[in-house]
1. What is the calculated FRET efficiency for ILE192 to LEU19, with r their C-beta to C-beta distance and R₀ = 30 Å, to the nearest 0.05?
2. Pop a pseudo-label 7 angstrom from the Cα along the beta-carbon direction at both ALA156 and LEU33 and give the gap in nm to one decimal.
3. Which whole-number percent gives the relative contact order of the chain, counting Cα pairs below 8 Å spaced six or more residues apart?
4. Specify whether the C-alpha gyration tensor of segment 139-187 places it in the rounded, prolate or oblate class, a ≥ b ≥ c being the square roots of the eigenvalues: rounded for a/c under 1.5, otherwise prolate if a/b is larger than b/c and oblate if not.
5. Anyone know which of PRO106, PRO184, PRO90 comes out most mobile in the 10 Å Cα GNM of the chain?
6. Computed from the mean reciprocal separation of all distinct C-alpha pairs, what Kirkwood hydrodynamic radius does the chain have, in Å?
7. For segment 104-174, calculate the relative contact order in percent as a whole number, restricting contacts to Cα pairs under 8 Å that are 6 or more residues apart.
8. Starting from the Cα of ALA71, step 7 Å toward the Cβ, then list every residue of segment 160-186 with an amide N under 14 Å from that point.
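The values are calculated or read from the model by the stated rules, or taken from the named source; none is laboratory data. Since this is a predicted model, take the numbers as computed values, not measurements. Positions of Cβ are backbone-derived with ideal geometry, glycine not excepted, and every protein chain shown enters the neighbour counts. With ligands, DNA and RNA removed, areas are computed over all heavy atoms of the protein, side chains included. Shrake-Rupley method; radii C 1.70, N 1.55, O 1.52, S 1.80 Å.
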Amino acid sequence: MSLARSGVPGLGKERLEALTDGIFATVMTVLVLSLSVPVITNGATNAQVASDLETLGPNILAYVLGFLLLAVLWISHHNIFHYMTRVDRPLLWLNTLFLLSIGFLPFSTALLGKYHDLQIPVVIFGANIIAISICMLGILSYSSRAGLLVVPQRDARVMERIRSRWRTGPVFYLTAIILSFISPLISFIAYIAILIFMVVQSIFWLRLSSNDQ
């Protein structure tokens with residue numbers, strides 16, 4: 001990677017993307033470690049296994065929630081860095097902060113799954129997602145001002161949709177946090193609804209961007 005393509009010798013865009021992919025893959029794998037197979041000591045029966053699995057229901061739901069959320073975030077990160085022409089040291093550190101907030105997701109997700117009916121775990125999960133969004137908005141803002149993010153005119157609509165999604169995300173999750181003062185369970189349901197919306201929006205956006213091109 002030449003210095004024309006990177007402001008940091010030996011650290012180009014490809015290495016940053018490889019690190020990001022590796023972190024996302026690791027975090028997605030770690031998520032499942034929050035799930036444990038039920039242990040029945042006095043002769044297992046189908047009824048007991050079913051009962052224990054029902055108890056694990058919120059944990060399994062939180063795992064699905066976290067995994068699909070990571071998938072949406074990874075796709076968006078990939079789309080953004082498609083338009084990144086080069087990287088410099090501030091961008092590397094901004095992306096590191098983004099990955100730091102991503103790495104905390106297995107903990108906040110496991111906490112939410114185990115104590116979904118309590119307010120503090122619900123608030124921590126929402127705050128984690130808001131932190132991720134703020135880090136990405138920092139990447140978008142800095143890279144645009146520094147001339148690292150170059151978007152062809154025909155793709156301007158695509159990038160505007162990406163920016164809009166990252167701006168509205170914190171609003172949704174802040175609203176869910178506020179709802180936790182009424183009922184943590186309402187916030188938990190709100191997180192599920194937001195995720196469904198984000199997944200559908202991501203699929204629709206990919207189809208639309210494909211048609212634009």
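1. After rounding to 0.05, the efficiency reads 0.45.
2. Each label point lies 7 Å from its Cα, and together they span 4.7 nm.
3. Working: 198 pairs, mean separation 49.0, N = 213.
Reported as a whole number, the value is 23 percent.
4. Numbers: a/c = 6.76, a/b = 2.86, b/c = 2.37.
Prolate shape, in that a/c is at least 1.5 and a/b is the bigger ratio.
5. Fluctuation is largest for PRO90.
6. In the chain this quantity evaluates to 18.7 Å.
7. The value is 36 percent.
8. Backbone N within reach: none found.
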